[in-house]
């Protein structure tokens with residue numbers, strides 16, 4: 001078994017002992033780590049060294065600084081996050097006010113069979129991780145500049161985005177019909193049926209909300225964040241890439257025709273439709289890239 005303290009400032013012996021006991025409690029648990037509230041890995045233990053990379057990749061993706069999970073951590077509202085992939089399951093849950101516990105479980109382990117052990121370890125670790133260190137104060141005469149986080153920028157100009165917002169009163173009424181046509185087309189595909197065993201009511205609702213958001217007027221960092229959150233949600237919910245690809249393919253076929261019914265024909269209408277579809281492409285790329293990045297690290301998702 002491999003054990004690694006990640007920060008010499010925090011004596012990790014007791015923490016590592018808890019992680020070792022957790023791994024020993026079930027052959028399905030391949031790795032475990034304690035993560036501080038600021039996203040820093042305090043300590044980890046793995047059954048084999050090979051699991052360390054998968055564990056770190058999962059933590060880096062699920063607990064990215066701009067992720068929904070980390071915002072919930074900051075608010076103290078994180079309950080449990082589970083990512084179930086073809087070969088393994090990753091679970092992150094709160095462990096006291098200052099830490100999270102992350103476990104990597106092999107696919108042969110039954111869904112809830114490790115929960116008592118994980119809950120027990122979380123309880124033991126609850127008071128072992130102190131508050132994260134305060135941000136350093138700037139020395140007189142200097143200025144600390146936080147590291148910049150690259151946020152993808154919308155490729156459309158301010159004028160183009162303004163025109164999209166101006167279309168909202170004309171197009172808002174057709175969006176429910178567009179959503180229904182997209183999902184009716186998907187449901188008619190026999191190979192898609194297995195992905196929608198529980199029906200499409202919730203998927204249709206989420207798709208409609210997303211379509212409406214394209215005309216909201218917010219296309220800066222909040223827009224980017226929303227698409228990335230959707231991509232992460234797709235992975236966590238086990239929505240396969242092929243289903244999302246089919247969704248977007250049908251949308252690209254159906255949406256322009258639907259827009260023409262309310263915008264009419266002509267050069268101005270076609271320019272407006274082209275602008276809207278470029279925004280759809282941008283949103284699609286953000287969602288797909290985020291979801292694919294997580295799947296690449298952990299394997300093809302399946303429903304929990």
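The values are calculated or read from the model by the stated rules, or taken from the named source; none is laboratory data. Being a predicted model, the structure only gives us computed values, none of them experimental. With ideal geometry, Cβ positions are generated from the backbone for all residues, glycine too; neighbour counts draw on all protein chains shown.
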Open item on the list: Can you say whether residue 104 is in contact with a helix residue (DSSP H, G or I) (Cβ under 6 Å, 6 or more places away or on another chain), at pLDDT 75 or above and farther than 24 Å from residue 219 by Cβ, as far as the supplied structure shows?
Closed with: yes
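So which residues in the stretch 212-223 are in contact with a helix residue (DSSP H, G or I) (Cβ under 9 Å, 6 or more places away or on another chain) and surrounded by fewer than 18 Cβ atoms within 10 Å (Cβ to Cβ)?
The initial filter retains those residues of the stretch 212-223 that are in contact with a helix residue (DSSP H, G or I) (Cβ under 9 Å, 6 or more places away or on another chain), namely 212-219, 223.
Answer for the stretch 212-223, where residues must be in contact with a helix residue (DSSP H, G or I) (Cβ under 9 Å, 6 or more places away or on another chain) and surrounded by fewer than 18 Cβ atoms within 10 Å (Cβ to Cβ): 212, 213, 216, 217, 218.
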- [ ] Go through the stretch 1-74 and tell me which strands (runs of 3 or more DSSP E), entirely inside it, have 3 or more residues that are at pLDDT below 80 and in contact with a strand residue (DSSP E or B) (Cβ under 8 Å, 6 or more places away or on another chain).
- [x] 2-5
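Checking the condition surrounded by 19 or more Cβ atoms within 10 Å (Cβ to Cβ) and out of contact with any strand residue (DSSP E or B) (no Cβ under 8 Å at 6 or more places or on another chain), which residue from 182, 165, 209 passes?
Working: 165 fails: surrounded by 19 or more Cβ atoms within 10 Å (Cβ to Cβ); 209 fails: surrounded by 19 or more Cβ atoms within 10 Å (Cβ to Cβ).
Matching residue, one of 182, 165, 209: 182.
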Task: Count - residues of the stretch 254-295 that are over 20 Å from residue 157 (Cβ atoms) and either in contact with a strand residue (DSSP E or B) (Cβ under 8 Å, 6 or more places away or on another chain) or in contact (Cβ under 8 Å) with a residue 40 or more places away in the chain (or both) - done: 14
- [ ] Considering (1) modelled with pLDDT under 65; (2) assigned to a strand (DSSP E or B); (3) farther than 18 Å from residue 126 by Cα, say which one residue 81 fails and leave the rest.
- [x] (3)
Open item on the list: Looking at the structure I just gave you, is residue 92 surrounded by 15 or more Cβ atoms within 10 Å (Cβ to Cβ) and modelled with pLDDT of 65 or more?
Closed with: yes
Task: helices (runs of 4 or more DSSP H) completely within the stretch 147-237 that count 1 or more residues being more than 23 Å from the chain's Cα centre (by Cα), assigned by TED's automatic domain parsing to the domain that holds residue 275 and without any contact (Cβ under 8 Å) to a residue 12 or more places away in the chain - done: 158-171, 175-187
Open item on the list: Just to be sure before I move on: is residue 203 crowded, with 19+ Cβ neighbours inside 10 Å and farther than 16 Å from residue 182 by Cα in the structure I sent?
Closed with: no
